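What follows is a short report on a single structure.
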Amino acid sequence: MSGYEGFLERTFKLKENNTTLRTEVLAGFTTFMTMAYIIFVNPAILSNTGMDFGAVLVATILASAIGTLIMAFLANYPIAVAPGMGLNAFFAFTIVKQMGYPWEAALAAVFMSGIIFIILTLTKAREAIVNSIPLSLKLAISAGIGLFIALIGLQSAGIVVSNPDTLLKIGDLRQPSTGLAILGLVITAALVALRVKGALLWGILITTLLGIPLGVTKVESLKIVSLPPSLSPTFGAFSRGLGDLLAAGIIPVIFTLTFVDLFDTLGTLIGVSSKAGLLDEKGHLPRAGQALMSDAIATTIGAILGTSTCVAYIESASGVAEGGRTGLTSLVVALLFLASLFFSPLVGMVPAVATAPVLIIVGIFMMEPVMKIDFSNFLEAAPAFLTMTIMPFTYDIAEGIVWGVLAYVFLHLISGQAKKISLTMWVLAILFIIRFFI
């Protein structure tokens, strides 16, 4: 065994986790390809506030790389971290556009929520929450994320679109981009069925190439390499907004950022870890504190660099589906993020319809834990069902957890089985109820 292979084995315990260097690298590439859209989408959203697009792009890449590196070496989990979708929209359109705060103050709110995350993690409060959630809800969270990630894929493909009367409807399948996504889905599904190694990654690459003659994959005047933009317009700008934190109305903003990030990340960690077989025999997540510290630090550093709240990414499930089981997968993702500083034109060539089929197939993989839920027991079935369905229907992982926890506590209380409700679950239920009235 060569020196670097020995280092990787000692650091990530590949044999112990029944994986190999090749598998982890493939998994890392797959995860990165499915989430690389954030490099461009995040600055596109935050630039609506007046923030410099190029600076936010660099901040997004650096915050993602730092958070994912911490996940790799501190927690040894195949889970990537990056600025969260939804939270970036809340940052831009609610805090800045609707509430009227300058973007510097919004960054300050993100910074403060990051500090709160670090304190909660150091005191093991977040870890206690992870381990106190009943196993049936953990399994439901995994399945719910599967439905959620499949919906994202169907939307990205144009197979499912919005409808003012029925909320959703089938898209125009005659569109070249939608047709390409369907073709990509067929190809990727065939590769998976044939057990081709790296099937999901191959699916993305083949679909991207097929999109060139269709005009879906844009290659005009493509530059492979470019120097990264300057970070100076946003770096440290949060400090100018700290004074606004004392203004009326900013505390609820910090609370909302903290709440959504807390349960989005918990949901992703539990769901992806359940699928990867990382939960122990009690249904607990080993090294949960280290994993949670990754997004806490990434959020804090991201605010300093100039981007919105960082979370664990549900697209990490695509790498897990390819066999990723250790932090080596995350290390590969982090290195690819850093490389994208100089190869952003090449990364940007991959269209959303090329990654959409992978998200749909990963949704299928994530449904497996449903078989372990006892649906003959209504006390277990109802909370699990609400958790699974609320996530995609509200487009919010956190809301799925909220309704699942409340249903679990309520049903066990009225059925005389309150002794099965842990103290942490009681506290969560009370906080969730209070949240509805804030």
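The values are calculated or read from the model by the stated rules, or taken from the named source; none is laboratory data. Owing to the predicted nature of the structure, the values given are computational and were not obtained by experimental measurement. Don't worry about glycine lacking a Cβ; one is built from the backbone with ideal geometry, like all the others, and counts go over all protein chains shown. With ligands, DNA and RNA removed, areas are computed over all heavy atoms of the protein, side chains included. Shrake-Rupley method; radii C 1.70, N 1.55, O 1.52, S 1.80 Å.
Of the accessible area of the stretch 1-69, with the probe set at 1.4 angstrom, what percent is carbon plus sulfur?
Whole-percent figure for carbon plus sulfur exposure: 61.
Fully extending the segment from residue 434 to residue 375 would add 18.3 nm, taking 0.36 nm per residue of separation and subtracting the current Cα-Cα distance. Subtracting the Cα-Cα distance of residue 242 and residue 424 from 0.36 nm times their residue separation leaves 62.3 nm of extension gain.
Around residue 412, under 13 Å between beta carbons, what's the net of Lys plus Arg minus Asp minus Glu among the other residues?
+1
For the stretch 1-92, the mean projected area of the C-alpha convex hull, equal to one quarter of the hull surface, is 6.8 nm².
When a/c is below 1.5 the answer is rounded, else prolate if a/b is larger than b/c, else oblate, so apply that to the stretch 48-163 with a ≥ b ≥ c taken from the square roots of the Cα gyration tensor eigenvalues. The shape class here is oblate. If only the Cβ of Lys and Arg carry +1 and only the Cβ of Asp and Glu carry -1, the dipole of the chain around its Cα centre is close to 420 debye. Note on the stretch 270-427: Lys pairs 8 or more places apart or on different chains, Cα atoms under 18 Å apart, count 4.
Taking 7 Å steps out from each Cα toward its Cβ at residue 124 and residue 219 produces label points 5.6 nm apart.
Calculated accessible area for the stretch 321-438 comes out at 44 Å² per residue, all protein chains present (probe 1.4 Å; ligands, DNA, RNA ignored).
Sequence gap at least 6, Cα distance under 8 Å: using those rules, report the relative contact order of the stretch 1-126 to the nearest whole percent.
Across the stretch 1-126, relative contact order equals 19 percent.
For the chain, the relative contact order works out to 34 percent when only alpha carbon pairs closer than 8 Å and six or more residues apart are counted.
Relative to the Cα centre, the charge distribution of the stretch 302-438, modelled as +1 at Lys and Arg Cβ and -1 at Asp and Glu Cβ, gives a dipole magnitude of about 300 debye. Of 187, 314, 397, which is the most mobile in a GNM of the chain whose springs link Cα atoms less than 10 angstrom apart? Of 187, 314, 397, the most mobile in the Gaussian network model is 187. Across the options 50, 141, 82, the greatest Cα extent toward the positive end of the charge dipole of the stretch 34-192 (unit charges at beta carbon of Lys, Arg, Asp, Glu) belongs to 141.
Restricting the trypsin sites (Lys or Arg not before Pro) of the stretch 1-86 to loop positions (DSSP other than H, G, I, E, B) with no more than 11 neighbouring Cβ atoms within 10 Å leaves 15.
For the stretch 371-380, 3J(HN,Hα) computed residue by residue from phi via the Karplus equation (6.51, -1.76, 1.60; θ = phi - 60°) reads 5, 8, 8, 7, 6, 7, 9, 4, 5, 9 Hz, glycine and proline entered as x.
I need the shape label for the chain. Rule: rounded when a/c is under 1.5, else prolate if a/b > b/c, else oblate, with a, b, c from the alpha carbon gyration tensor. Taking the square roots of the gyration eigenvalues as a ≥ b ≥ c, the chain is rounded. Between residue 194 and residue 53, the contour length at 0.36 nm per residue exceeds the Cα-Cα span by 46.5 nm.
Shown is the FRET efficiency for residue 281 and residue 415, computed with R0 = 30 Å from the Cβ-Cβ distance and rounded to the nearest 0.05: 0.70. Taking all protein chains together and a 1.4 Å probe, the residues 239, 316 rank 239, 316 from largest to smallest accessible area. Here residue 97 is the anchor, and no aspartates and glutamates lie within straight C-alpha reach of less than 14 Å, apart from those fewer than 8 places off in the same chain.
With a sphere of radius 15 Å drawn around the Cβ of residue 127, what net charge do the other residues whose Cβ falls strictly inside it have (Lys, Arg +1; Asp, Glu -1)? That sum, taken over residues with Cβ under 15 Å, equals +3.
Centre-to-centre separation between the Cα atoms of the stretch 359-438 and those of the stretch 95-146: 17 Å.
What does the C-alpha gyration tensor say about the overall shape of the stretch 280-375? Classify as rounded when a/c is under 1.5, otherwise prolate if a/b is larger than b/c, or oblate. Oblate, because a/c is 1.5 or more while a/b does not exceed b/c.
Highest mean packing first, where packing is the average number of other Cβ atoms within 10 Å per residue, the peptides 360-369, 373-382 line up as 360-369, 373-382.
Element breakdown for the stretch 146-216 at a 1.4 angstrom probe: carbon and sulfur atoms account for 70% of the accessible area.
If you wrap the Cα atoms of the stretch 96-177 in a convex hull and average its projected area over all directions, you get 9.6 nm². Carbon-plus-sulfur accessible fraction, the stretch 78-135 (probe radius 1.4 Å, protein heavy atoms only): 70%.
Cross-link partners for residue 15 among the aspartates and glutamates, with Cα-Cα distance under 15 Å and sequence neighbours closer than 8 places in the same chain left out: 5, 24. Summing Lys and Arg as +1 and Asp and Glu as -1 over all other residues whose Cβ lies under 15 Å from the Cβ of residue 259 gives a net charge of -3.
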